[in-house]
Amino acid sequence: MVIMWLADRDCPHLADIEYLILSATALASEAYGVAIHRKLREMVHDERKVPPLANVYLTLSRLEMKGLCRSYLCDERLIRGRRPKRFYEITAEGNATLKHSMRVILNLFKDGPWN
């Protein structure tokens with residue numbers, strides 16, 4: 001990702017897929033794997049560039065290990081008769097990292113020749 005060399009050393013670096021999935025997690029009304037994947041498809045507008053659902057789950061695990069999001073099980077077995085859904089939410093550190101990444105990207109493009 002372009003912002004790697006611009007990133008503040010106090011904020012963790014986000015790979016492109018991590019940035020997208022963390023953003024989709026923040027924007028999804030119900031942040032569980034399939035809903036996050038659906039939100040990614042809305043955000044990207046190009047089906048070929050949307051990561052497979054398996055990659056979404058792997059990335060969510062990686063984000064959770066970094067402390068940028070956390071998950072919890074919602075036991076809906078009585079309602080749906082299926083396995084409980086795992087929901088994700090962004091932590092305060094994840095929110096700060098996402099905001100920092102957004103500022104870096106906006107600053108990167110602010111003074112470019114495309115303006």
Accessible area, probe 1.4 Å, largest first, for residues 46, 111, 16: 111, 16, 46
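Rank these by accessible area, largest first, 1.4 Å probe: 29, 23. Mind dumping the intermediate values first?
On the way: 29 125, 23 15 Å².
The ordering from most to least exposed comes out as 29, 23.
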Just tell me which lysines come within less than 21 Å, Cα to Cα, of residue 99; anything on the same chain fewer than 8 places away is out. 39, 66, 110
Heavy-atom accessible area of residue 30, protein chains in place, probe 1.4 angstrom, given in Å² to nearest 10, is 90 Å²
Taking all protein chains together and a probe of 1.4 Å, list 38, 82 from the most accessible to the least accessible. 82, 38
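The values are calculated or read from the model by the stated rules, or taken from the named source; none is laboratory data. Predicted model, so just to flag it, every value in this text is computed and none were measured. SASA here: full protein model, heavy atoms, side chains in, ligands and nucleic acids out. Shrake-Rupley method; radii C 1.70, N 1.55, O 1.52, S 1.80 Å.
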